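Any read-out appearing in this document is the output of simple, stated calculations on the displayed coordinates, not a laboratory observation. Keep in mind the model is a prediction, meaning the values are calculated, not measured. Reconstructed Cβ throughout: ideal geometry from the backbone, glycine too, with neighbour counts over all protein chains shown.
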């Protein structure tokens, strides 16, 4: 059953999920959970270490299991990892149980935000070396092209490139409240 007060934030790494999520949760009076941080707590190690020591398939399984523990909750904002929607089971679970919000950013802006980060496993070379700015932008553009079809299936899409965080949170709060009210009216009509 779909809980309209269960909000999933998706978007590429650096799109603002971890920054906007807690502010949005506060604005709506919801709890905030970062899915990656939940996985790190459960595993007792960083996402980087999980990728390095156990591999991506192991990490994606942990992601699915952690998500399964959240989908029955209400009044909750969940920040999703950038690649979680690539898993068909995760994607259908999210669509079935909550409202999906896509925080959209361009490859250029994401590169600026991410180029100095060292904790993003997907933005390193095969050997684990730091990439150049151009290599980072190309890798982001390629990953974004692969993920965009799922991102675009979100219930709400909001561009985060050139807006102040406060403006984005205010706009999201209004749009989510309208979406929840509309969904509640529609479910009453169906009964």
Inside segment 157-173, the number of residues satisfying the requirement of being surrounded by fewer than 17 Cβ atoms within 10 Å (Cβ to Cβ) and under 13 Å from the mean Cα position of the chain (by Cα) is 1
Scanning segment 174-191 for residues that are surrounded by 15 or more Cβ atoms within 10 Å (Cβ to Cβ) and over 17 Å from residue 104 (Cβ atoms), which turns out nearest to the chain's Cα centre (by Cα)? 180
Some residue of segment 127-134 being part of a helix (DSSP H, G or I) and farther than 20 Å from residue 22 by Cβ: yes
Scan 13, 5 and give me the residue that is within 22 Å of residue 169 (Cα to Cα), touching a strand residue (DSSP E or B) at 6+ places or on another chain (Cβ under 9 Å) and in contact (Cβ under 8 Å) with a residue 40 or more places away in the chain. 5
Mind listing just one residue for me: the one in segment 51-67 that is without any contact (Cβ under 8 Å) to a residue 60 or more places away in the chain and farther than 14 Å from residue 36 by Cα and, of those, surrounded by the most Cβ atoms within 10 Å (Cβ to Cβ)? 54
Determine whether segment 21-41 contains at least one residue that is farther than 20 Å from residue 102 by Cβ and crowded, with 20+ Cβ neighbours inside 10 Å. yes
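Every residue, every condition in (1) under 13 Å from residue 11 (Cα atoms); (2) out of contact with any helix residue (DSSP H, G or I) (no Cβ under 9 Å at 6 or more places or on another chain), yes or no:
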residue	(1), (2)
144	yes, no
148	yes, yes
153	yes, no
157	yes, no
160	yes, no
166	no, no
173	no, no
185	no, yes
188	no, yes
Which condition does residue 29 not pass, out of (1) touching a residue at least 60 places away in the same chain (Cβ under 8 Å); (2) out of contact with any strand residue (DSSP E or B) (no Cβ under 6 Å at 6 or more places or on another chain); (3) closer than 24 Å to residue 181 by Cβ, if it passes all the others? (1)
Just one listed residue, out of 144, 80, 70, is surrounded by 20 or more Cβ atoms within 10 Å (Cβ to Cβ), under 30 Å from residue 52 (Cα atoms) and under 17 Å from the mean Cα position of the chain (by Cα), and it is 80
